[in-house]
Amino acid sequence: MNVWQQLANGVIMGHAYALIAIGWTLLLGAARLVNFGHGQMYMLGAFMAWWATKATGMPYYAAIPVAVIAGAVLGAVMQRAMLRLTLQQNLVSLMIVTLGFGQIIEGTAGLAFGVKPRMIASPLNETNLHWGPVLLTAQDVAVVVVTIAMFILLRFVMNRGLAGSWVRMVAEDPRLTQLAGVNVAQVYLGIFAFEGAAVALAATLVAPRTPIITSMGFDEVIMTFVVVVLGGVGSVAGSYVAGLALGVFSAFFGALVAPAYTTAAAFLVMIPIMVLRPGGLASGGGPSR
Amino acid sequence: MTAALEVQSLSVTYGGDPAVSVDHLVLPRGVLAGVVGANGAGKSTFVNGVLGWSRGPARVSGTVRLDGADLSGIPVHERVRRGLLLVPEGLAVFGTMSVEENLKSTRPHGVEAQARAFTVDRVFDLFPRLAERRRNLAASLSGGERQMLAIGRSLRLGPRVMLLDEPSIGLAPRLVLTLLLTIRQLVDEGLTVLLVEQNVRAAMEVVDHLYLLERGRVIADGPVAAMRDDPRIVEAYLGSVRPDNASGAVA
């Protein structure tokens, strides 16, 4: 086994997990809700990018904003439909409704894009970089760089900006936030639009590394769930660390044991951690941490 | 002159009969009016209803005018932006934020509100205790400090009319009067306040006008001097409490 290569794979995969999870981190931290349609939104983002390059012939770099905008719109539409449940903090119903949304997205995507595996044509994926014993593509590097940039940006906005403090206020007490003259419905809409845009951005960067298929959403939502829960509900830094740890763990587990059992193994690790530290790795973490 | 706040046929329902039903209430500008009544008389429901705000599934009907402008159909956050502020009962601060963050993240919306709004420093001048604790998390504050912070946050929004729901609850007797006098000072500077207060004796020290609520209805109201002799007030709130016991809880 090439340890350095596995470590690099793990770091890249970890950043991919973290980037895919960033929207959900904010969602869970702020709106205190889960989105089990998240994986299908990831799938749709990937297929939007594939479709944009294939059907219109636009370059990969132009397809990224197309997918991101589509993701933001989808997130906003979902939130609009669920607004009443969100304001009531009716978590069980929201969980089921988002699962349903995911199924609708998956079914529609199957009809629209077919069931065959596709490949997003990214020029970054064609560029190989050798670094000692490690072989990377420019796509891998882009995943890592964009993930780090997105986490820094999110942390900065949450801690410094007015929008960030509104999100934190909504996270703590939506009713009280209304009394500060903040349009809470709009804040929720913004959070969902961010979630949709962020997962679509993740898809355009991560998905070109492997073939995509319209049924791939479920696997993504499972890994995202592990990252967000391990990181500590809504903790921005915690999600980054958890994503990275999960990536490195998966890479070595895959190389040493068997790739097929990686997801099961991730859960095996998660369960004792949740028992020992119910708050996740970043216990006591609010959405700002 | 237009009244700062005018309420007409306000009724708040939680599904059955109205919990609160108030025919008419007018507050001229620069007036401090008190709302008193027994526990469960509907004082909180009433002031929350004026804003159209609730933590539960309340239904509010009626007309509320702010400086003459009808607020019907206008959502809560927009009413707040126009200057109708509520400091609700209890812990009306964001515990996970520091004192300073609580104040800084609460900002006036629009030019007009900006002109009326307190700066963070001015809030600290009004409540020096908050300045000392500016870096502390709001969750670590005492009850009195939280009330100061809650009021300070509202002042940051540039209120025309402030609805204060029991700001003195849980405060030491000495602090109750200090807080009420601070509110009085704000009114003297031009603010209009509707103050819910359980401590009738203390409220009478500072208010101009008093409303007595019973089972969701105003059963008596008038200038505080006249109300002092009202038999219903005397009997229920003043007669049974010894004069030296200013903090006497009235239920």
Requested in this report: Kindly indicate whether any position in the stretch A:172-191 is more than 14 Å from chain B (Cβ to nearest Cβ), in contact (Cβ under 8 Å) with a residue 60 or more places away in the chain, in contact with a Leu (Cβ under 8 Å, 6 or more places away or on another chain) and closer than 30 Å to B:GLY56 by Cβ.
Outcome: yes
Query - Tally of residues being under 22 Å from B:VAL22 (Cβ atoms) and either in a strand (DSSP E or B) or at pLDDT below 80 (or both) across the stretch B:193-250 - result: 20
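Every residue, every condition in (1) touching a helix residue (DSSP H, G or I) at 6+ places or on another chain (Cβ under 8 Å); (2) surrounded by 18 or more Cβ atoms within 10 Å (Cβ to Cβ), yes or no:
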{"position": "B:ALA41", "(1), (2)": "no, yes"}
{"position": "B:LEU51", "(1), (2)": "yes, yes"}
{"position": "B:ARG81", "(1), (2)": "yes, yes"}
{"position": "B:VAL87", "(1), (2)": "yes, yes"}
{"position": "B:ASN102", "(1), (2)": "yes, yes"}
{"position": "B:ASN136", "(1), (2)": "yes, no"}
Query raised in the report: Do we have any residue at all in the stretch B:182-190 that's at pLDDT 95 or above and assigned to a strand (DSSP E or B)?
Result: no
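The values are calculated or read from the model by the stated rules, or taken from the named source; none is laboratory data. These numbers come from a predicted model, not from an experiment. Cβ: placed from backbone, ideal geometry, glycine included. Neighbour counts: every protein chain shown.
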